[in-house]
Amino acid sequence: KFKSVHIAGTNGKGSTSHMLAAIFQQCGYKTGLYTSPHLKDFRERIRINGAMISEEAVIHFVEKYKEEVMKIGCSFFEWSVGLAFDFFSREAVDIAVIETGLGGRLDSTNVITPLLSVITNVSYDHTEMLGDTLEKIAFEKAGIIKPNVPVVIGERHPDTDEVFAHASQERHAPISFAQDEWKFISSIYQENSLLLQLEDFRCDRWTVTSDLVGSYQEKNVLTVLEAIRKLKGLGWQLEKEEILNALKNVKGLTGLRGRWDILAHQPLTITDVAHNEAGLGYALEQLKTYSFKHLHLVIGFVKEKELDKILKLFPKNATYYFCAPDIPRGLNVNILKEAALAYGLTGEAYHSVQAAFAAAKKQASPDDLIYVGGSTFVVSEAI
């Protein structure tokens with residue numbers, strides 16, 4: 001009942017989804033956006049033109065369908081997907097950007113047949129459910145590739161390229177790899193913006209300014225521009241000037257938070273939802289580009305994270321404030337502190353994210369840097 005773009009990937013699918021939604025909005029289309037998880041309010045997951053679904057609409061849906069849904073035994077996520085799709089249908093959106101929750105093949109969102117499928121990248125995360133090799137994880141992501149529906153792959157990798165190529169060939173789905181279609185000329189990272197010079201395979205040069213400033217956004221911008229090129233080929237009116245204006249104001253148009261989110265200055269305080277090996281690797285590398293006297297890290301994780309792969313990435317010459325997100329999946333703070341000590345990471349354990357964050361702010365001097373992260377749920381308690 002509505003047209004859609006479907007997005008999967010280990011990292012970057014949230015930023016990519018919000019960028020695409022911002023572009024459609026800027027170009028005058030009534031745009032639905034479904035993402036997960038939320039940070040502060042459940043309704044963040046379901047938006048039209050940046051505005052969250054109303055509380056009344058959520059309540060009405062639950063009251064109308066509760067009896068039937070409970071009989072079926074739907075999960076919380078399945079409830080949410082049903083709510084989103086019903087809402088977008090009733091509101092007659094022109095297009096909906098739909099982000100998968102986990103994997104792709106068996107994800108609740110995978111009932112749609114989109115105009116375009118997008119897979120941002122593949123790295124290790126949720127291995128207990130998606131598989132313990134990149135090939136196995138890629139197979140699950142490739143599950144969103146539909147017969148005769150074009151697919152854009154954001155990042156190439158020797159362990160996953162063949163998986164995607166095989167799936168697209170099998171389903172007669174035209175495939176393109178963004179890294180083959182676009183190249184970087186230069187990039188400048190500023191505190192509140194990211195300035196990129198890019199060129200496509202036809203030598204059409206683009207100067208992109210984005211308000212999403214993490215260095216990892218370079219690859220997301222490539223993916224988005226290739227997705228836009230495909231969508232323009234399908235007849236969507238997406239003009240270059242409006243695309244560039246949208247990328248300057250993704251946060252304002254869509255309400256996105258938690259991606260290299262600067263919370264304060266003096267000390268500079270940054271929070272980011274990176275939570276796996278690849279994502280945290282990018283985030284910690286970007287911290288090295290800043291000038292500061294001392295680094296303070298407020299970190300917590302969920303239980304299923306492979307700490308041996310993650311903790312080795314963190315710097316030893318920093319002060320740590322260990323905490324646990326206030327959810328059942330939160331990793332016990334004392335277990336985290338003990339595991340971190342084995343990697344030379346020293347600090348204190350705190351009973352809550354708020355207590356750890358408060359301690360960091362109290363101890364940091366104006367020319368220090370505070371980073372809060374490790375889990376989306378830690379970020380949600382900090383902002």
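Note: relative contact order over the range 25-139, using C-alpha pairs below 8 Å and six or more positions apart, is 26 percent.
For TRP182, no residue has an amide H sitting under 5 Å from its own, ignoring neighbours fewer than 5 places away on the same chain, with H placed 1.01 Å from N. Over all directions, the projected convex hull of the C-alpha atoms in the range 248-383 averages 8.0 nm² in area. Under a 5 Å amide H cut-off, with hydrogens placed 1.01 Å from N, PHE177 pairs with ILE153 among residues at least 5 apart or on other chains. Computed over the range 16-68, the convex hull of the alpha-carbon atoms projects to a mean area of 4.4 nm².
Near the amide H of VAL302, within less than 5 Å, lie the amide hydrogens of LEU331, all on another chain or at least 5 residues away, with H placed in the peptide plane. Eigenvalues of the alpha-carbon gyration tensor of the range 1-137, scaled by 5 and square-rooted, set the equivalent ellipsoid semi-axes at 24, 20, 13 angstrom, largest first. Across the chain, the volume of the C-alpha convex hull divided among the residues equals 140 Å³ per residue.
For the range 310-383, the list of trypsin sites (Lys or Arg not before Pro) that fall in a loop by DSSP and count at most 10 other C-beta atoms within 10 angstrom reads LYS316.
Can you give me the C-alpha center-to-center distance between the range 281-345 and the range 102-148, rounded to a whole angstrom? Here the answer is 28 Å between Cα centres. Hey, got a sec? Which chymotrypsin sites (Phe, Trp or Tyr not before Pro) in the range 82-191 land in a DSSP loop and have at most 15 other Cβ atoms within 10 Å? Passing both the DSSP loop test and the Cβ count: no residue.
Along the range 34-40 the Karplus relation, 6.51 cos²θ - 1.76 cosθ + 1.60 evaluated at θ = phi - 60°, assigns HN-Hα couplings of 10, 9, 7, x, 8, 9, 10 Hz to successive residues, with x for each Gly and Pro.
Note that the range 180-190 has calculated 3J(HN,Hα) couplings of 8, 9, 9, 9, 7, 9, 7, 8, 10, 9, 10 Hz, one per residue in order, obtained from phi through the Karplus relation 6.51 cos²θ - 1.76 cosθ + 1.60 (θ = phi - 60°); glycine and proline are x.
Within the range 99-239, the ratio Rg/Rh, alpha carbon atoms throughout and Rh by Kirkwood, equals 0.98. For the chain, the relative contact order works out to 16 percent when only alpha carbon pairs closer than 8 Å and six or more residues apart are counted. If you sort CYS203, CYS27 by accessible surface, 1.4 Å probe, largest first, the order is CYS203, CYS27.
3J(HN,Hα) along the range 55-68: 4, 5, 5, 5, 4, 4, 5, 5, 5, 5, 10, 4, 4, 5 Hz, from the Karplus curve 6.51 cos²θ - 1.76 cosθ + 1.60 with θ = phi - 60°, whole Hz, x for Gly and Pro. At q = 0.16, 0.20, 0.31, 0.34 Å⁻¹ the log10 of I(q)/I(0) for the range 249-293 amounts to -0.52, -0.77, -1.11, -1.15, computed by Debye summation with a single uniform scatterer per C-alpha, solvent ignored. Qualifying trypsin sites (Lys or Arg not before Pro) in the range 188-248, where qualification requires a DSSP coil assignment and no more than 11 other C-beta atoms within 10 Å, comprise ARG202. Dividing the radius of gyration of the alpha carbons in the range 191-307 by their Kirkwood radius gives 1.02 for Rg/Rh.
The values are calculated or read from the model by the stated rules, or taken from the named source; none is laboratory data. It should be emphasised that the depicted structure is a prediction, and the values quoted were computed from it without experimental measurement. FYI the Cβ positions are ideal-geometry reconstructions off the backbone, even for glycines, and counts take in every protein chain you see. What goes into the accessible areas is simple: the full protein's heavy atoms, side chains included, and nothing from ligands, DNA or RNA. Shrake-Rupley method; radii C 1.70, N 1.55, O 1.52, S 1.80 Å.
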